[in-house]
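So the structure is just underneath, and the comments pick up after that.
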Amino acid sequence: MHNFFNRKAAEMTAKQRWTALIVLAVSLFVIVMDMTILIMALPDMIQDIKPSASQQLWIVDIYSLVLAGFIIPMSVFADKWGRKKVLLLGFLLFGLTSLLIVFSKGPEYVIGVRFVLGFAGAMIMPTTLSMIRTIFTNAKERATALAVWAMVSGLGAVLGPIIGGLLLERFSWQSTFLINVPVATFAVVASLYLLPEIKVKTGSWDLIGTMLSITGMIGLVWSIKEISTEGVGDTTSWIVGIAAVVILITFIVRNIRSSEPMLDMRLFNNRGFSSGMLAAFLTMFSMAAVILLVSQWLQTVESLSPLSAGVHLLPMAGGALLFAPLAPKLATRFGPKLILPLGIAIAGIGFLIIYFSGNQVVYFTLFIALLLIGSGTGALAIATSIIMVVTPVEKAGNASAMEEVMYDLGNVFGIAVLGSLASSFYRTHLKIDQFDLEGELAKISNESIAGALEVANMLGITELAEISTMAFNNSLITTSLIGGLVLIGSAMIIYVMIPKSLNITKEENH
């Protein structure tokens with residue numbers, strides 16, 4: 001029995017490896033899904049527990065804040081204590097905390113639950129990727145497994161709102177938490193029986209480095225989110241952001257100087273590793289805000305329900321499902337130097353299609369664009385494969401944590417920078433002064449198209465509805481142009497960075 005529960009990765013059969021991948025994929029899916037599923041439940045939650053505007057932001061944001069802050073320390077902890085143990089503990093905490101939502105009494109309680117879920121997610125997320133690196137020692141098998149990992153990650157984000165909408169058709173907002181319980185139960189039982197235990201010899205635990213990492217990451221992500229919400233004139237956000245950057249630089253310098261670093265920054269000396277990290281960051285940077293704007297367009301301009309809007313975003317998931325499994329095979333045949341940049345460029349073309357559709361955006365155009373964007377982002381499976389193939393097995397936890405941080409920072413920066421630009425474009429095109437509105441009504445209309453349409457319907461101002469829709473369309477296509485150009489430029493840079501000799505199905509010498 002002891003040997004059964006402590007199976008070694010090297011002793012696993014092919015069937016056991018692929019079964020283990022299913023467990024890891026389910027584990028990843030629920031963590032990513034939890035980032036977006038709550039968006040659907042927020043209106044019902046507001047009616048029930050009446051959180052303030054600030055509390056609403058904390059309910060949504062605290063999960064990703066804590067996840068970003070603890071990913072690096074938890075990956076190092078997993079290497080020392082055992083990745084399987086940390087994964088099991090993470091899911092136990094995830095499931096039990098989700099169950100506690102039934103006792104919710106107010107906004108502070110929900111924020112606390114989301115905090116613990118973020119901490120548990122930080123134990124689970126990087127562990128899934130680092131375990132794949134160790135379980136699949138055959139490079140061809142590993143490329144396929146990493147493609148599945150990347151595909152599931154994308155699906156979790158896209159399907160989160162749809163699953164949330166389906167649950168809310170029949171159940172209360174608490175169901176978006178309670179769905180985690182059976183999934184966590186399955187993950188704990190399956191992991192216990194099917195996953196191997198993996199430990200890596202590392203140096204002593206760096207308490208100061210841990211505190212620097214947590215404080216710096218949470219501070220940076222929080223400040224970016226606040227600047228996005230409050231505007232570039234918010235002094236507090238800038239102070240916190242600058243302090244966070246200083247803390248993170250201190251953390252990086254500390255690791256560079258250490259003989260046994262908590263996070264091995266020397267991995268960035270490998271051009272393949274750096275190109276994979278850059279691909280993850282810049283792709284998420286471009287996608288985050290534009291997809292958010294498309295979701296808003298579907299719900300406001302097209303007047304679709306949240307569930308229906310989520311369904312209309314499925315072409316992106318379909319593109320990823322189609323291309324992610326093919327990407328490693330294409331990279332094996334034609335080389336990752338060609339296929340990864342090509343995939344990113346295809347996603348960029350999807351964004352440019354939205355731009356060239358002009359002010360009269362229609363769903364057919366968006367359908368084609370979303371399909372291309374999904375197909376292009378499926379190439380990120382190659383980026384993950386590159387990162388893992390050039391990373392020594394003992395550094396897999398470090399590499400997976402850094403990749404997750406790149407995804408998270410790309411998402412946050414994208415919404416902050418492109419989201420702020422989109423709001424500015426909207427206000428510029430709207431020209432709220434041309435309407436006879438004062439005070440709060442003018443402010444609401446100027447903040448978002450949803451507010452403008454609400455005011456237009458309330459006061460019967462047809463022209464406000466028409467012009468705000470045109471302004472939002474202009475904002476969407478202009479932001480899509482920027483996102484598309486960023487991706488095309490990224491593809492060119494990454495093409496130059498990737499070594500021509502790099503082969504994702506051949507182990508490199510470390």
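The values are calculated or read from the model by the stated rules, or taken from the named source; none is laboratory data. None of these values were measured; they are calculated from a predicted model. Every residue, glycine among them, receives a Cβ derived from its backbone with ideal geometry; neighbour counts consider all protein chains shown. The protein model used for the area step is the full one, side chains on, heavy atoms only, and it has no ligands, DNA or RNA in it. Shrake-Rupley method; radii C 1.70, N 1.55, O 1.52, S 1.80 Å.
Per-structure values
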| quantity | calculated |
| --- | --- |
| J(HN,Hα) series, region 31-40, from Karplus relation 6.51 cos²θ - 1.76 cosθ + 1.60, nearest Hz, glycine and proline x | 5, 5, 4, 5, 6, 10, 5, 6, 4, 6 |
| Contact order normalised by residue count of region 213-358, Cα under 8 Å, 6+ apart, percent | 12 percent |
| Principal axis dimensions, largest first and in whole angstrom, of region 24-105 by Cα | 44, 23, 23 |
| Cβ crowding within 10 Å averaged over residues, with 64-74, 291-301, 103-113 ranked highest first | 64-74, 291-301, 103-113 |
| Region 256-262 - phi-based ³J(HN,Hα) in whole Hz, Karplus 6.51/-1.76/1.60, Gly and Pro as x | 5, 7, 7, 6, 10, x, 5 |
| Reciprocal of mean inverse Cα separation for region 237-343 (Kirkwood radius, Å) | 17.8 Å |
| Mean separation of Cα contacts under 8 Å (6+ apart) over length of the chain, as relative contact order % | 21 percent |
| Within straight-line cross-link reach of residue 500, lysines at Cα separation under 22 Å, skipping those fewer than 8 residues along the same chain | 140, 329, 337 |
| Summed side-chain charge close to residue 110 - residues other than residue 110 whose Cβ falls under 15 Å, Lys, Arg +1, Asp, Glu -1 | -2 |
| Extension gain, residue 440 back to residue 230 (0.36 nm per residue minus Cα-Cα distance, nm) | 73.9 nm |
| Descending semi-axes in whole angstrom, ellipsoid equivalent of the chain, from the Cα gyration tensor | 37, 26, 22 |
| In order through region 150-160: 3J(HN,Hα) via Karplus (6.51 cos²θ - 1.76 cosθ + 1.60), integer Hz, x for Gly, Pro | 5, 5, 5, 4, x, 5, x, 5, 6, 7, x |
| Tail weight of P(r) past 13 Å, computed on alpha-carbon pairs of region 396-465, percent | 70 percent |
| Highest-first arrangement of 87-94, 372-379, where packing means the average Cβ count within 10 Å | 372-379, 87-94 |
| Å³ per residue enclosed by the Cα convex hull of region 438-486 | 63 Å³ |
| Listed residues 355, 63 arranged by accessible area, highest first, probe 1.4 Å | 355, 63 |
| The chain, helix-only ellipticity at 222 nm - DSSP H runs n ≥ 4, -39,500 (n - 2.57), divided by all residues, nearest 500 | -27000 deg cm²/dmol |
| Accessible surface of region 268-350 [probe 1.4 Å, protein heavy atoms]: carbon and sulfur percent | 69 percent |
